[in-house]
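The values are calculated or read from the model by the stated rules, or taken from the named source; none is laboratory data. On a predicted model such as this, the values are computed, not experimentally measured, just so you know. Here the Cβ positions follow ideal geometry from the backbone for every residue, glycine too, while neighbour counts run over all protein chains shown. For accessibility, only protein heavy atoms count, side chains too; no ligands or nucleic acids. Shrake-Rupley method; radii C 1.70, N 1.55, O 1.52, S 1.80 Å.
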Amino acid sequence: QVQLVESGGGLVQTGGSLRLSCAASGRTFRSSTMGWFRQAPGAEREFVSGAMWTGATYYADSVKGRFAVSRDNAKNTVYLQMNNLKPEDTAVYYCARSPHLNPRATTNFDSWGQGTQVTVSS
């Protein structure tokens, strides 16, 4: 199983930016889809973005044009650059790993990080 460790969360004002990182252990990173999810208090965990091993990326409609996912296979790390942040982006952000192409459902991911808090103040 892959171990994932997120970092980079914090408190930012509306319109600000943050970059999250997720470092992965294990040999399967290069053949994995890496996803980002978030969960606000009282809400279900929702898909944010994914980076497939093909290099393709995909996003939830709510973050398109504001967030950008990238991966560095040499470092076994995936990033989430978040720009123009809004209060509704406040949540715990999780990194996850999937063996599938273009997965969005949480059930398609088999390894999860511990999460990092992102808080956007108005």
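Annotations
- Taking the criterion of being among the polar types (S, T, N, Q) and either within 15 Å of Ala96 (Cβ to Cβ) or within 11 Å of the chain's Cα centre (by Cα) (or both), the residues of region 32-56 that qualify are Ser32, Thr33, Gln39, Ser49.
- Test for Met52: is it open to solvent by less than 60 Å² (accessible area, probe 1.4 Å) and either closer than 14 Å to Leu18 by Cα or in contact (Cβ under 8 Å) with a residue 60 or more places away in the chain (or both): no
- Residues within region 1-13 that are surrounded by 13 or more Cβ atoms within 10 Å (Cβ to Cβ) and over 15 Å from the mean Cα position of the chain (by Cα), tallied: 2
- Close Cβ contacts (under 7 Å, 6 or more residues apart or on different chains) running from residues in region 97-122 that are more than 25 Å from Lys86 (Cα to Cα) and open to solvent by 80 Å² or more (accessible area, probe 1.4 Å) to residues that are of a type in the set (Val, Ile, Thr) and modelled with pLDDT of 95 or more comprise His100/Thr33; Leu101/Thr33.
- Residue match in region 19-30 (condition: in contact (Cβ under 8 Å) with a residue 60 or more places away in the chain, under 17 Å from Ala91 (Cβ atoms) and open to solvent by less than 20 Å² (accessible area, probe 1.4 Å)): yes
- Scanning region 80-122 for residues that are acidic (Asp, Glu) and within 18 Å of Gly42 (Cβ to Cβ) returns Glu88, Asp89.
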